[in-house]
Amino acid sequence: MSQLYEIQKQLDSIRMSLLIFSQSLFNKYMEKALSEMSLIDHLTGSFNRCYLDNYAGNLLSLSNREQKKIAFVKVGIDQFRAVIDEFDYEIGDKVLKVLAKTLKESIRESDLVIKISDDEFLVILLNIINEDNAILISQKLIDNFSKKEVIINEQTKQTLMKTICSGVSIYPDNATSLDEIIKKSDIALYEARNKGRSQVFLFSEEVTNTIDFF
């Protein structure tokens with residue numbers, strides 16, 4: 001009888017230990033999930049600005065060690081405000097989701113898609129061969145998205161097709177810090193948009209020094 005009692009005590013102790021262990025595992029899982037949520041844009045499933053600010057700098061260090069270039073491609077939707085004005089924010093969200101999906105499908109798994117503002121994304125192309133290769137991929141992003149149809153009305157099957165522009169900067173050719181290289185891609189996107197729809201612009205000190213932003 002005493003032996004049975006001892007076994008019962010051990011079982012109770014084991015159950016308690018497992019309960020504590022499982023709770024600990026659950027807490028760890030929740031911490032990881034919450035951490036990942038804070039780095040992911042809830043609408044598009046892309047990385048967000050928080051991820052860029054906290055982790056993208058590591059890519060530059062890796063690039064320096066391996067002596068390889070990185071292309072920063074800033075992508076913006078042409079006349080996105082017109083979508084909101086003509087339809088509504090729900091349709092605008094649909095456009096953003098389709099764009100994010102298209103960008104991810106158009107690049108390698110090792111590359112990154114980051115949503116950095118309401119209608120702009122940053123595509124980071126790792127281990128890029130040269131600027132020509134970056135322009136080629138940027139044009140691919142533009143071409144692929146131009147073929148996508150966004151459903152406006154499920155009943156009438158009305159669709160909307162949009163275009164994007166992209167501005168390209170190359171690390172470390174154009175800048176040696178994360179803030180500066182992103183700024184250069186932003187300048188390049190501004191110039192691409194000045195040229196019209198579905199345009200690519202590669203950052204150049206000579207050309208952009210003449211740009212009037214105001």
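The values are calculated or read from the model by the stated rules, or taken from the named source; none is laboratory data. Small disclaimer: the values here were computed from a predicted structure and weren't measured. Reconstructed Cβ throughout: ideal geometry from the backbone, glycine too, with neighbour counts over all protein chains shown. All accessible areas refer to the heavy atoms of the entire protein, side chains included, with ligands and DNA or RNA removed. Shrake-Rupley method; radii C 1.70, N 1.55, O 1.52, S 1.80 Å.
A few remarks follow.
- Qualifying residue in the stretch 154-171 (condition: among the β-branched types (Val, Ile, Thr), assigned to a helix (DSSP H, G or I) and more than 19 Å from residue 201 (Cα to Cα)): no
- When the stretch 51-94 is limited to residues that are surrounded by fewer than 16 Cβ atoms within 10 Å (Cβ to Cβ) and aromatic (Phe, Trp, Tyr), the one that is modelled with the lowest pLDDT turns out to be 55.
- Hits in the stretch 161-180 (condition: open to solvent by 60 Å² or more (accessible area, probe 1.4 Å) and among the polar types (S, T, N, Q)): 176
- Residue within the stretch 138-153 that is in contact (Cβ under 8 Å) with a residue 24 or more places away in the chain, closer than 17 Å to residue 75 by Cβ and in contact with a Lys or Arg (Cβ under 6 Å, 6 or more places away or on another chain) present: yes
- Scanning the stretch 117-160 for residues that are at pLDDT 95 or above, of a type in the set (A, V, I, L, M) and open to solvent by 30 Å² or more (accessible area, probe 1.4 Å) returns 135, 136, 137.
- Pairs meeting the criteria (first residue in the stretch 173-190 and within 12 Å of residue 120 (Cβ to Cβ), second residue open to solvent by 70 Å² or more (accessible area, probe 1.4 Å), beta carbons under 8 Å, at least 6 apart or on different chains) are 190/213.
- Taken over the stretch 46-70, the criterion of being more than 11 Å from the chain's Cα centre (by Cα) and assigned to a strand (DSSP E or B) is satisfied by 69, 70.
- The residues on offer are 73, 113, and the sole one that is in a strand (DSSP E or B), touching a residue at least 12 places away in the same chain (Cβ under 8 Å) and under 16 Å from residue 192 (Cα atoms) is 73.
- Count of the stretch 181-197 residues which are among the hydroxyl-bearing types (Ser, Thr, Tyr) and open to solvent by 40 Å² or more (accessible area, probe 1.4 Å): 1
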